[in-house]
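The values are calculated or read from the model by the stated rules, or taken from the named source; none is laboratory data. Just so you know, these numbers come straight off a predicted model, no measurement behind them. All Cβ positions, glycine included, derive from the backbone under ideal geometry; neighbour counts span all protein chains shown. We work out accessible area using only protein heavy atoms, side chains counted, and drop any ligands, DNA or RNA first. Shrake-Rupley method; radii C 1.70, N 1.55, O 1.52, S 1.80 Å.
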Amino acid sequence: MTDGEVVLYETVGHVAVFTLNRPAARNAINAEVSTRFEYLLNVFENDRNVYVGIVTSSHQETFCAGADLKAVHKRERIFSRKGGFAGLVQYPRTKPLIAAVDGAALAGGCEIVLACDLVVASSKASFGVPEVKRSLVAGAGGLFRLPQRLPRQVAMELILTGEPMSAVRAKDLGFVNELVEPGKAKLAALALAERIAQNAPLAVRESKICVDRMSFMSEAKAFNESNRALVKLFMTKDFSEGPRAFIEKRAPKWSAQHPPMLWSLLVSMWYTGRARL
């Protein structure tokens, strides 16, 4: 980890920590941030020893202020090829991310939070999409992800007024998983990540993949997707390790090894008819 990087990356056990690190610009997103974040997500996804990620900030008052308008004015590409805005909001992840928010997450900053799977926030955090105040729209996922995470009327209030929502209200509405004291968001997010990392890593990944794919599926297609995940897990070493560890009264030792792709594909097709990996 180099402190001069615009996004810092470190691993703590099986947990990766991404830190937005442009404090002088309130972590506003420019081309350099988007490129760097996408690169680090590639590292994260390809590291078999890392199971969960946390996104946090080096700024004491701001998680992320959104797009860097100076960069936009210079016509910088703040959307990366694979990850979209910030290199993150459209990235096809299979591992869970936790947003650790200890300040204002506004505009694109809120959309970064929306791209994560869980949210830990301090009581001084706030969330908002003020784009309409500048004749813009929340085009990095806010317009459809906010109504997925909040009651429609509340999401419309945030989108149409451009006014922020406090972390306390966000917790009451189920937008935030855990509310903590100021300065404790990263520590609490690490504790939550460790709880996730204790579980079988491939099962966690397949569960996340299923939830993401099932969001707009019919019930029949959702069952097919569940079967695909189950069959894939049946063929892993960890599928045997879980019950064995239980019987032997010890902590499981996860290998996180995928089955051979061709064999996995053939068995999944046989079991589910038309399931895809």
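Using a 1.4 angstrom probe on heavy atoms only, work out the carbon and sulfur share of the accessible area of region 165-214 in %. Ligands and nucleic acids excluded, carbon and sulfur reach 53 percent.
Computed over all pairs of different Cα atoms, the Kirkwood value for the hydrodynamic radius of region 97-146 is 11.0 Å.
Suppose the chain between Arg250 and Ala191 were pulled fully straight at 0.36 nm per residue; how much longer would it get relative to their current alpha carbon spacing?
19.1 nm
Once you divide the Cα radius of gyration of region 117-178 by 2.2 N^0.38 Å, the number left is 1.06. Per residue, the accessible area of the chain comes to 52 Å², computed with a 1.4 Å probe over protein heavy atoms only.
Straight-line cross-link partners of Lys82 among the lysines, defined as a Cα under 24 Å from its Cα and at least 8 positions apart when in the same chain: Lys70, Lys74, Lys95, Lys208.
Within region 25-99, the GluC sites (Glu not before Pro) that combine a DSSP coil assignment with at most 14 other C-beta atoms in a 10 angstrom radius are Glu61.
Stretched out straight at 0.36 nm per residue, the stretch from Tyr39 to Arg213 would grow longer than its current Cα-Cα span by 60.3 nm. Both radii are taken from the alpha-carbon atoms of the chain; with Rh as the Kirkwood radius, Rg/Rh is 0.99. Shape class for region 145-207, computed from the alpha carbon gyration tensor (a ≥ b ≥ c): oblate, with a/c not under 1.5 and a/b at or below b/c. By a 1.4 Å probe calculation restricted to protein chains, Thr94 has an accessible surface near 30 Å², given to the nearest 10.
In terms of overall dimensions, region 1-65 has a Cα radius of gyration and Dmax of 11.6, 34 angstrom. The string of couplings for region 82-94 from the Karplus curve (6.51, -1.76, 1.60, θ = phi - 60°) is 9, x, x, 4, 6, x, 10, 5, 10, 5, x, 6, 10 Hz, one whole number per residue in order, with x for Gly and Pro.
Equivalent ellipsoid of region 4-150: semi-axes from √(5λ) of the C-alpha gyration tensor, largest first, are 22, 17, 15 Å. Within the accessible area of region 1-128, the carbon and sulfur atoms contribute 48%, probe 1.4 Å, all protein chains present.
Along the Cα-to-Cβ line of Val168, 7 Å from the Cα, sits a label point; which residues in region 106-131 have backbone N less than 19 Å from it? Only 120-128 pass the distance filter. Legend: residues Phe63, Phe79, sorted from most to least accessible area (1.4 Å probe; ligands, DNA and RNA excluded), read Phe79, Phe63. In units of the rule-of-thumb radius 2.2 N^0.38 Å, region 122-226 shows an alpha carbon radius of gyration of 1.30.
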